[in-house]
Structures are given as structure tokens and as C-alpha cells.
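Before any comments, here is the structure.
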């Protein structure tokens, strides 16, 4: 089972936005975004911050808390 590190997929669902839309905003492939949303890959911190800006949320909301 994949360890869940990010909550990007959850935030997209809450906001009613698609993975494809976010991939287009970031300028990455839909396949890369799917891997990120399914926690098979993790975005670079720079990209994580950009995702937070695009989704108008705190970067901490995109991550699964450790405590």
C-alpha cells in the first residue's frame, strides 16, 4: 500500500477541480499529475508551493500531517 504523503487529490475534489486542469496550470503532463495525486510520486517543494498558490490554499493543507 502506498504511503499517503500529500492531499492534493482531496483538495482538488473539495474544490471541484480536475487533475487535468491542475496539470495544465503547472505545465506538466496529466500522467505526472496522476502519479502525484495517487502518491506514487511527490512534487518538488517549489512545485508544491506553486500548487498551493494555484489552489489558493496553505501549502500545509496539501500535506498529510505527521502529528
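Nothing in this text is a laboratory measurement; each read-out follows from the coordinates by a stated rule. In this text, all values refer to a predicted model and were calculated from it rather than measured experimentally. When we count neighbours, we look across all protein chains shown, and the Cβ atoms used for this are built from the backbone with ideal geometry, even at glycine.
Data for the structure
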{"item": "Segments 34-46, 55-67 sorted - mean Cβ within 10 Å per residue, highest first", "result": "34-46, 55-67"}
{"item": "Calculated FRET value between residue 57 and residue 24, using beta carbons and R₀ = 25 Å, to 0.05", "result": "0.85"}
{"item": "Computed P(r) (all Cα pairs; the chain; 10 Å bins; percent)", "result": "21, 64, 14, 0"}
{"item": "Per-pair calculated FRET efficiency, R0 = 22 Å: residue 66 and residue 40 via Cβ, rounded to 0.05", "result": "0.65"}
